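The structure under discussion appears below in the form of structure tokens.
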Amino acid sequence: MLPTTEYALLSRLATEQVRGRAPSLVAGVVRDGELVWSAARGFVDGSPPDNDTQYRIGSITKTLIAVLVMRLRDEGKLALDDPIGAHLGQSPFGHLTVAQLLSHTGGLTSEAPGSWWERSPGGDWAELAAGLTPEQLKLRAGKQFHYSNVGYGVLGELVGRLRGSSWLEALKAEVLDPLGMTRTTPHPDDHAAQGWAVHPFADVVLPEPAPDTGAMAPAGQLWSTVHDLSRLTSLISGHTSGVLSADTVAEMRAVATVEDGAQWLSGYGLGLQLARRDGRAYAGHTGSMPGFVACTMVDTESGTGALAMANTTSGVPILAFTLDLIALADQHEPPLPQPWQPAEVDTALLELTGLWHWGPTPHLLRILPNGWLYLAPVGDGGRRSRFRPTGPDEWVGLDGYYAGETLRVGRDADGKPRYLDLATFIFTRTPYDPEAPVPGGVDPKGWR
């Protein structure tokens, strides 16, 4: 990046490391699928950390578990609406759906029964499942957002059952290796940061434990590096390296639930935390385990992403810091749009373009690359959606009011487009065309 941009980012990093009293703090900015800036402050074993130094990433592990679940969905091995009991057997939580566990809307208890799981050696799946009695269902399923670490322990077991291996083996083969995340591991090696608790009233530190959390590991076990976390940040921005389709990543980033407030500022998709600040929307995940905080976030409009990790239990507002890095990068170096150039389109679709009317309301239909369509009212506001082709003269809505709905073209005897049928709404070239099958008919006396 430009020297002025890099200095602004470094200044923010250096200030946060001092203000948050972090033994070390590392960060990076990602654009167009590449790590374009990184820096570090503080020390690990007496030396500055680098892009290969491991930090514990905590709940960012959940996003990687969600990627595995979505791969299973895309392969047809499960449906998001499946009750978890259909795959893991009946239990007090067997009625919760895969989607509810991914989005923390199942009402399952937030923490594993027993001792503080983040600081305790974990048992196996049988032990965890035995502790999930009816009392661990804290809220009615689907009632509201209730963050559940336990839910991702369940999802990790789901992945293992359907893959016939451990969730970790599946993760390495299907996600980590294809993304080049070779330094993301369940345990640290000799080039890793020690996790510390910093005393609130004195500049002294206490080492934090880092046990294997057993069946709860899918909720927060993993360690990673700046380089590796930048690869996950790239995936969240849509540069998936074939691990997922861009459509599936967009589905994960879509809002599934929001905080309980008059105007939501945070929410959750499918394995991704969502945030809004200063009119911008972000997707990614934060992570914390004793001795560590971490974050990866992407601006869903500009595509700029950032990541940060520190080896301190608290003190660094890791989400706000990461969003600041994105804002600084975009402020000092706004991303340039790709040059416009003619697209490869099926010219037979050109006859569908132009003005269509929903009743008396004019809409414009445009062709997008890959045979997609975009339908929107003339002017501001109103219902607007993109549509992906699913067959001859048929498309499915991708977003907005018409997400999941089918758009079909109705033709006259000569094969010319006469109307659009969208979820039973009839769009015509002229308002209430009497030659089209407008529900309720059109007054034969016409306009007056």
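So here's what we get for this one:
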item	result
Förster radius 30 Å - calculated FRET efficiency between residue 314 and residue 166, Cβ distance, rounded to 0.05	0.45
Ranked packing of 313-320, 274-281, most packed first, by mean Cβ within 10 Å	313-320, 274-281
Computed lengthening from residue 130 to residue 384, 0.36 nm per intervening residue step minus Cα-Cα distance	86.6 nm
GNM flexibility winner over the chain from 253, 31, 383 (Cα, springs under 10 Å)	383
Normalised contact order of segment 49-202, rounded percent, pairs of Cα under 8 Å and 6 or more residues apart	30 percent
Inter-label distance, nm, simple model (7 Å from Cα along the C-beta direction), residue 403/residue 187	4.2 nm
J(HN,Hα) series, segment 24-29, from Karplus relation 6.51 cos²θ - 1.76 cosθ + 1.60, nearest Hz, glycine and proline x	7, 9, 10, 7, x, 10
Sequence ranges 192-205, 174-187, 227-240, 91-104, ranked by mean other-Cβ count within 10 angstrom, highest first	227-240, 91-104, 174-187, 192-205
Average Cα contact separation per residue, the chain, under 8 Å, 6 or more apart, as relative contact order %	16 percent
Whole-number percent relative contact order across segment 1-114, with pairs defined as alpha carbons under 8 Å at least 6 apart	13 percent
Shape call, segment 371-448: gyration tensor on alpha carbons, a/c limit 1.5	oblate
Amide proton proximity set for residue 257, modelled H, under 5 Å, gap of 5+	268
Simple label model, 7 Å out from Cα along Cβ direction - residue 263 to residue 338, nm	3.4 nm
In segment 248-313, the chymotrypsin sites (Phe, Trp or Tyr not before Pro) that fall in loop regions by DSSP, at most 10 other Cβ within 10 Å	none
Peptide ranges 408-421, 53-66 listed from the most packed, as the mean C-beta count within 10 angstrom indicates	53-66, 408-421
Degrees separating the helix 149-163 axis from the principal Cα axis of the chain, which is the longest one	70 degrees
Derived scalar couplings ³J(HN,Hα) [segment 179-187; Karplus, 6.51 cos²θ - 1.76 cosθ + 1.60; whole Hz; x for Gly, Pro]	7, x, 8, 6, 9, 9, 9, x, 9
Stretchable slack from residue 412 to residue 199, in nm (0.36 nm times residue separation minus alpha-carbon distance)	69.0 nm
Estimated FRET transfer efficiency (residue 361, residue 86; beta-carbon r; R0 51 Å; 0.05)	0.70
Gain on full stretching of the segment that runs from residue 206 to residue 50 - 0.36 nm per residue minus C-alpha separation	53.9 nm
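Only the coordinates and a few stated rules stand behind these numbers; no lab work does. As the structure is a computational prediction, the values presented were derived from the model and not from experiment. A quick note on method: Cβ atoms are made from the backbone with ideal geometry, for glycine too, and the neighbour counts reach across all protein chains shown.
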